[in-house]
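**Q** This is the structure I have questions about; it appears just below.
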Amino acid sequence: MKRRLASSAVALVGALLLVSLFLRLVPGDPVDVMLGEQATEVDRAALRRAVGLDLPWYEELGVFTRQLVTGELRTSLPPFQRKVLPAIGAALPYTLALTVASMLVALALALPLGVAAAARRGTVVDAAAMSASVAGVALPRFWLGPMLIIVFSLKLDWLPVSGAESWRHGVLPSLTLGLALAAFLARMTRASMLESLREDYVTVARAKGLSPRAVLWKHAFRNALLPLLTVLGLEFGTLLGGAIVTEKVFSWPGMGTLLLTAIEKRDYNTVRATVLVFTFCYVVVNTLTDAAYALADPRVRRRS
Amino acid sequence: MKPPAAPGVLRRLRWLWTIGVSSILGLLGVSGVLGLTGCKAEPPADGITVLLEAPPDSLDDRFALTANGQRLAALITPGLLAFDDTSQPVPVLAESFRDVSPTVMEFTLRPGLTFHDGTALTAEDVKATYDGMRDARVRSPRVERYAALERVEVVDARTVRFHLKHPYAPLVAELSAGILPAERAGPEGVTAQGEHPVGAGPFRFESQPDEEHLTLVPFPGWYAGAPALPRLRFRVVRDETTRVLELLKGRADLAVNVLSPAVLPVLRREPHLRVLSRPGTGFTYVGLNLREGPLADARVRKALCHLVDVKPVVEHKLHGLARPAGGMLPRAHWAWIPLPECQYAPDEAARLLDAAGYPDPDGPGGEPRLTLSLKTSTDRLRRSVGLVLKEQFSRGGVRVEVRSLEFGTFFEDVRRGRFEMFTLKFASVMEPDLLRGAFHSANVPGPENHWGGFNRGALRDTVLDALLEEAARLPREERRRRYGEAQAWLSELTPVLPLWHEDSVAVVSTRLEGFEPSAHGLLTPLARARLAPESAP
């Protein structure tokens, strides 16, 4: 566990270095790019100061980190330099809610589907589940989102089109984000279950005279969960990335929208902070995944 | 290995049942999580909802550089004057204005003007606004546009005079800046105005809970009487498909110039929506590099012009929502003159190319007379227009390679002169002095103007330079003749291939009545609009 935490810390510092310095790595004067044609010399100097381009890179990194940690970090562009953290604080819950909800959608669909397909391998159930999942993996979100809106909002009139005024606004984005993951997870579940069903302990359990259902869920499924957890942790990153597209389609005021606005406005500090928060979430979730391993598998618990 | 379960219809059904129950539980889980984090009551549907494609950069006119920022600022903080569809100045807060001398303009304010906070708007506020704008500590990006303004003089409470350093008629274009209360016009008022803008406009700022939402309410003290709409809700919806769906659903009442021509036929079919259009002022053109190569020869440029057939492009790519352009100024513009439009004339083009030394090596088809490159951005419409042009040029024996580049790279290449041809658009052509920006030799991009000049094709013509300089010095009435001469001469020089002026398009729900779209895509017509009787609360 200590090793795990140390490597997480390294990942975070690496990300900090990258997002802070990529502006210096790209060719051309970033201030020109950020301010465009009509900028005055006063503005350029102010911006240079605001994003720390007047300092050597190591000092700038220190200033940026200190401002971020103390919450003093402000948006880059004059004249209104608002604090960045409150904006992130407002957006993060929306993105987390969306991610968690779509994760739940994905699990609720993928686990039964995958287990069913594995238990009844080669049957119609298997074929149907796997065809559905191929389709699910192939559908792009910017297409699926509007399609769901057309069906559930325009035709059936059950749900609103976009926005985030109530929980009902969250259903379609969660489905959009969750369905693709569900499709992928269902395939993983099936593969993992098939492997697990071939193991000796399943034969032993069955020989003991346990009911087929007990064998399936208590013995095979529990063991099949382990590889799934790893995938789930990794897929969390995909969900965060997918959230940017999905949030745009549904006007969901989360981190993706914040990042897009910041990029449009060339608000460099917000972009940096947002990317860092994304990285942080990813690292935390992967560390948690490792911890969950211990819960799911007594052998891992004993080793550590 | 055998499946662990006994076969049977019932067992199959049980699997399906499990899947069904789990999905429902999953959805309930979703609802639970979202209910805990994002639950706000749905807004009551009073007033109308306006869709924007991006948030305004600022509601303070001194800092707003985007169209959205400027259009919203005009609702809250209008200026002394505004511009009508012919781009002529019309008085707003001013009752009238006149030229006292070539360097002095006098404005008379309407009687009894008040700001949203109830204080009176006087000539002192006008002076303070323009002094503040030019105060380096305010750091307005517009400060350089007032270089010709020497000082603002308060004559009496309702009269204010602008003294110019030298005769400079285009300054009138900058006198539409939003008038602020004097105490907010200086550097110490910037924050207050940014957080809760106050002006004397038809609508008063109510709230802006986040970047995506803005609510305005009618101001009873508006000089023309309180607007009839009870409330304006602006909502940012970035995705074009989603904007269409919101309109189809009936959850939005107005979208101005935020939908592409391709999606409009769907909206036209809806009984609860109307698509209103009117000739606009955005100018799309093909830029040509005059620095070197075949395009340095005016005959080649004119030949290209004769090879372009704009009408089918407008009809099919833009669904008829544009007007073929003869030059930079749109037809309705006060300074527009009828020009011998560069007609589609392949024979004339062939004659010009022969004369310029590019004969057809092997008759129609086969080897080209000459090869050029055309750069576009990756925007779908721009690219497909590029491909149509390529086809049209190829019929006249001119081979064109179309290259689509990511916008940043594309624009950098255009500014630095690394192109033979490119397509771009001037978002809005109002003040004819823009001709000087686009074609005067002093505005060729270079280090001295931070590569910001608009004369990207590097036209250098002393006759034109003199005409445009003189037109900027003349009194307003005499400018028209000079700009007429300049346009005719430009048409002769053909530094760009004019394509079209895009229409200004508003999609309006039947709940909203009396909204007249403006050529500039302004939102100010909302002050005269009202709710349809059956939908009023």
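**Q** Could you list, in sequence order, all residues of region B:403-426 that are surrounded by fewer than 19 Cβ atoms within 10 Å (Cβ to Cβ) and among the β-branched types (Val, Ile, Thr)?
**A** B:409
**Q** Looking at region A:213-234 only, could you name the residues that are within 14 Å of another protein chain (Cβ to nearest Cβ) and either in contact with a helix residue (DSSP H, G or I) (Cβ under 9 Å, 6 or more places away or on another chain) or crowded, with 19+ Cβ neighbours inside 10 Å (or both)?
**A** Within region A:213-234, A:214, A:215, A:216, A:217, A:218, A:219, A:220, A:221, A:224 meet the criteria.
**Q** Sticking with this structure for a sec: Which residues, counting only those in region B:474-492, are free of Cβ contacts under 8 Å to residues at least 24 places away in the same chain and open to solvent by less than 60 Å² (accessible area, probe 1.4 Å)?
**A** B:482, the sole residue that qualifies.
**Q** Then there's this: Please enumerate the residues belonging to region A:153-208 that are under 24 Å from residue A:113 (Cα atoms) and of a type in the set (Val, Ile, Thr).
**A** Correct list: A:171, A:176, A:189, A:202, A:203.
**Q** Only one of these is under 30 Å from residue B:219 (Cβ atoms) and either out of contact with any strand residue (DSSP E or B) (no Cβ under 7 Å at 6 or more places or on another chain) or modelled with pLDDT of 90 or more (or both): B:462, B:524. Name it. Explain how you work it out, then say what you get.
**A** Working: B:462 fails: under 30 Å from residue B:219 (Cβ atoms).
After ruling out the rest, the residue left standing is B:524.
**Q** Continuing with the same structure: Could you please give the count of residues in region A:121-142 that are in contact with a Ser or Thr (Cβ under 9 Å, 6 or more places away or on another chain) and either modelled with pLDDT of 80 or more or outside any helix (DSSP H, G or I) (or both)?
**A** Here the count works out to 1.
**Q** Being under 24 Å from the mean Cα position of the chain (by Cα), open to solvent by less than 10 Å² (accessible area, probe 1.4 Å) and of a type in the set (A, V, I, L, M, F, W, C): is that true of residue B:471 here?
**A** no
**Q** Here's something else I'd like to know. Just to check your reading of the model, which residue among A:185, A:210 is surrounded by 16 or more Cβ atoms within 10 Å (Cβ to Cβ), at pLDDT below 80 and either at the interface with chain B (Cβ under 10 Å from one of its Cβ atoms) or under 25 Å from the mean Cα position of the chain (by Cα) (or both)?
**A** Going through A:185, A:210 in turn, the sole match is A:210.
**Q** Would you check if there is a residue in region B:343-360 being more than 19 Å from the chain's Cα centre (by Cα), away from every other protein chain (no Cβ under 14 Å) and over 21 Å from residue B:492 (Cα atoms)? Reasoning before the result, please.
**A** Just the residues of region B:343-360 that are more than 19 Å from the chain's Cα centre (by Cα), to begin with: B:343-360.
Filter again for away from every other protein chain (no Cβ under 14 Å), leaving B:343-360.
Then keep just the ones that are over 21 Å from residue B:492 (Cα atoms); that gives B:359-360.
Yes, region B:343-360 has at least one match.
**Q** Collect the residues in region B:134-150 that are part of a loop (DSSP other than H, G, I, E, B) and surrounded by 19 or more Cβ atoms within 10 Å (Cβ to Cβ), keeping them in residue-number order.
**A** Of everything in region B:134-150, those that are part of a loop (DSSP other than H, G, I, E, B) and surrounded by 19 or more Cβ atoms within 10 Å (Cβ to Cβ) turn out to be B:138, B:140, B:141.
**Q** Okay, moving on. Residue A:181 - would you say it is closer than 15 Å to residue A:243 by Cα, touching a residue at least 12 places away in the same chain (Cβ under 8 Å) and not aromatic (Phe, Trp, Tyr)?
**A** Yes: the conditions hold for residue A:181.
**Q** Taking the residues in region A:235-275 that are open to solvent by 10 Å² or more (accessible area, probe 1.4 Å) and of a type in the set (D, E, K, R) as candidates, determine which candidate is modelled with the highest pLDDT.
**A** A:248
**Q** On to the next question. What pairs can you find where one residue is in region A:257-279 and over 19 Å from residue B:65 (Cβ atoms) and assigned to a helix (DSSP H, G or I), the other is among the acidic types (Asp, Glu) and open to solvent by less than 30 Å² (accessible area, probe 1.4 Å), and their Cβ atoms are less than 8 Å apart, with a gap of 6+ or different chains?
**A** Filtered contacts from region A:257-279: A:257/A:247; A:257/B:212.
**Q** Taking residue B:216 as the residue in question, decide whether it is open to solvent by less than 10 Å² (accessible area, probe 1.4 Å), at negative phi and not assigned by TED's automatic domain parsing to the domain that holds residue B:91.
**A** Judged against the criteria, residue B:216 is a match.
**Q** A further question follows. Pull up region B:493-535, narrow it to residues that are farther than 23 Å from residue B:68 by Cβ and free of Cβ contacts under 8 Å to residues at least 24 places away in the same chain, then point me to the one that is surrounded by the most Cβ atoms within 10 Å (Cβ to Cβ).
**A** In this case the residue turns out to be B:513.
**Q** Within region A:19-51, can you find the residues that are open to solvent by less than 40 Å² (accessible area, probe 1.4 Å) and at pLDDT 70 or above?
**A** A:19, A:20, A:21
**Q** Quick one: residue B:409 ticks every box in (1) out of contact with any Asp or Glu (no Cβ under 7 Å at 6 or more places or on another chain); (2) polar (S, T, N, Q); (3) in a strand (DSSP E or B) except a single one, so which number is it?
**A** (3)
**Q** Among the residues in region A:189-212, are any closer than 16 Å to residue A:105 by Cβ, out of contact with any Asp or Glu (no Cβ under 6 Å at 6 or more places or on another chain) and either part of a helix (DSSP H, G or I) or β-branched (Val, Ile, Thr) (or both)?
**A** The answer is yes; a qualifying residue exists.
**Q** While we're here: Based on what the data block shows, is residue B:95 open to solvent by 40 Å² or more (accessible area, probe 1.4 Å), touching a Ser or Thr at 6+ places or on another chain (Cβ under 6 Å) and either at pLDDT 90 or above or part of a loop (DSSP other than H, G, I, E, B) (or both)?
**A** yes
**Q** Working only within region B:237-266, note down all residues that are assigned to a helix (DSSP H, G or I), facing another protein chain (nearest Cβ under 7 Å) and either under 20 Å from residue B:214 (Cα atoms) or open to solvent by 40 Å² or more (accessible area, probe 1.4 Å) (or both).
**A** Residues satisfying the conditions are B:241, B:242, B:246, B:249.
**Q** Could you list, in sequence order, the residues of region A:258-286 that are under 17 Å from residue A:67 (Cα atoms) and touching a Pro at 6+ places or on another chain (Cβ under 9 Å)?
**A** A:268
**Q** Does any residue in region B:247-272 that is more than 23 Å from residue A:159 (Cβ to Cβ) come within less than 7 Å, Cβ to Cβ, of a residue that is surrounded by 22 or more Cβ atoms within 10 Å (Cβ to Cβ) and of a type in the set (Ser, Thr, Tyr) six or more places away or on a different chain, and which pairs are these?
**A** B:257/B:504
**Q** For the condition acidic (Asp, Glu), part of a strand (DSSP E or B) and out of contact with any Ser or Thr (no Cβ under 7 Å at 6 or more places or on another chain), what is the one hit in B:188, B:183, B:206, B:153?
**A** It is B:153.
**Q** Just give me the residues in region B:166-180 being in a loop (DSSP other than H, G, I, E, B), open to solvent by 10 Å² or more (accessible area, probe 1.4 Å) and in contact with an Asp or Glu (Cβ under 6 Å, 6 or more places away or on another chain), in sequence order.
**A** Answer for region B:166-180, where residues must be in a loop (DSSP other than H, G, I, E, B), open to solvent by 10 Å² or more (accessible area, probe 1.4 Å) and in contact with an Asp or Glu (Cβ under 6 Å, 6 or more places away or on another chain): there is none.
The values are calculated or read from the model by the stated rules, or taken from the named source; none is laboratory data. Here the structure is a predicted model, which means the values were calculated and not measured. Glycine also receives a Cβ, built like all others from the backbone with ideal geometry; neighbour counts cover every protein chain displayed. The protein model used for the area step is the full one, side chains on, heavy atoms only, and it has no ligands, DNA or RNA in it. Shrake-Rupley method; radii C 1.70, N 1.55, O 1.52, S 1.80 Å.
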